[in-house]
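Notes follow once the structure below has been shown.
The values are calculated or read from the model by the stated rules, or taken from the named source; none is laboratory data. What you see is a predicted model, and the numbers here were worked out from it, not measured in a lab. Please note: Cβ atoms are built from the backbone with ideal geometry, for glycine as well, and neighbour counts cover all protein chains shown. These accessible areas exclude ligands, DNA and RNA; they are computed on the full protein's heavy atoms, side chains included. Shrake-Rupley method; radii C 1.70, N 1.55, O 1.52, S 1.80 Å.
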Amino acid sequence: MATESPTGLYRSIHAQPQAVRELLAAWDGPSKAAEKLFRTGRIFVSGIGTSFHAATVGEYLLRYVGSDAWAVRSFEFVHYPRPLRSDDGVIVVSHRGSKLHGIGALQRAVESGVVTVGITGKNSKMQGADVIIETVEQDPSSTHSISYLGALVRLSQVAVRLGELTGNESQAQRLKQGLAQLAALMEDSLSREN
């Protein structure tokens, strides 16, 4: 255990198990997002930096439950866009909702008239999506460790609900069972810090 004053990153890492518990106690936003995304043919998951890493995992989670999902960097989504179809859905992941290309990605999707979901931290500047799902308080660490985890949990919750809606119960249940174990597994790992 650190003997000096812990950094923001250290505090964020040790706050993650409780954050997971709090996020998993709230399924309204992810459920609303899944209901909207249920009607889509494809889902683009957009982000930049750490948010793009979350978007990539989101693609895998959504594909696991049977969705046609594609992770795309917000920069490319804005400047080198694939054509959007009327039955597409777009999830934009942005920790603070203030990055130029994250804002642009959401704006492009909204202007295209497709289903839009935003996943962002509390007190974020993100606005305009059909559904905005909050994760955690703004991360004190610029590495976005706790907000990255928050985005992954929210994407997992959306995938669980979407899997249930699309009849992929087995995959949805396995994912939900894994989520239920996550906080305890993290605590176990953190207890081995020395």
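Our estimate of slack between GLN181 and ARG82, defined as 0.36 nm per intervening residue step minus the Cα-Cα distance, is 31.9 nm. Centre-to-centre, using Cα atoms only, region 1-59 and region 79-118 are separated by 18 Å.
Compute the label zone of ARG174 within region 64-81: residues whose backbone N is under 15 Å from the point 7 Å along Cα-to-Cβ. 64-67, by backbone N distance to the label point. Calculated mean residue ellipticity at 222 nm for the chain: -17500 deg cm²/dmol, from DSSP H runs with n ≥ 4 weighted as -39500 (n - 2.57), summed, divided by the residue count and rounded to 500.
Computed 3J(HN,Hα) for region 94-107, one whole-Hz value per residue from the Karplus formula 6.51 cos²θ - 1.76 cosθ + 1.60 where θ = phi - 60°, is 8, 4, 10, x, 10, 6, 3, 7, x, 4, x, 5, 5, 4, glycine and proline marked x. Karplus-derived 3J(HN,Hα) values for region 50-55, using 6.51 cos²θ - 1.76 cosθ + 1.60 with θ = phi - 60°, are 4, 5, 5, 4, 5, 4 Hz; glycine and proline are entered as x. Taking amide H as placed 1.01 Å from N in the peptide plane, the amide H of TRP70 sits under 5 Å from that of ILE43, PHE44, VAL45, each at least 5 places away or on another chain. Tell me the angle of helix 8-24 to the major Cα principal axis of the chain, expressed in degrees between 0 and 90 and rounded to the nearest ten. Between the helix axis and the principal axis of the chain, the angle is about 60 degrees. Accessible surface of the chain, 1.4 Å probe: 52 percent of it comes from carbon and sulfur atoms. Sites listed here are trypsin sites (Lys or Arg not before Pro) in region 72-128 whose DSSP assignment is loop and whose Cβ has at most 14 other Cβ atoms within 10 Å: ARG85, LYS122, LYS125. Rounded to the nearest 10 degrees, the angle from helix 169-190 to the longest Cα principal axis of the chain is 30 degrees.
Would you calculate the volume per residue, in Å³, of the smallest convex hull containing every Cα atom of region 40-194? Don't skip to the end; give the middle numbers.
Numbers: hull volume 16.3 nm³, N = 155.
In region 40-194, the Cα hull volume divided by residue count equals 105 Å³.
Around the Cα centre of the chain, unit charges on the Cβ atoms of Lys, Arg, Asp and Glu (plus for the first two, minus for the last two) sum to a dipole of about 340 debye.
Roughly what angle does helix 145-165 make with the longest principal axis of the chain, taking Cα atoms, 0 to 90 degrees, to the nearest 10? With rounding to tens, the tilt is 50 degrees. With each label modelled as a point 7 angstrom along the Cα→C-beta vector, the PHE38-ASN123 pair spans 3.5 nm. Using the Cβ-Cβ distance between SER112 and TYR60 with R0 set to 25 Å, the FRET efficiency from 1/(1 + (r/R0)^6) comes to roughly 0.55.
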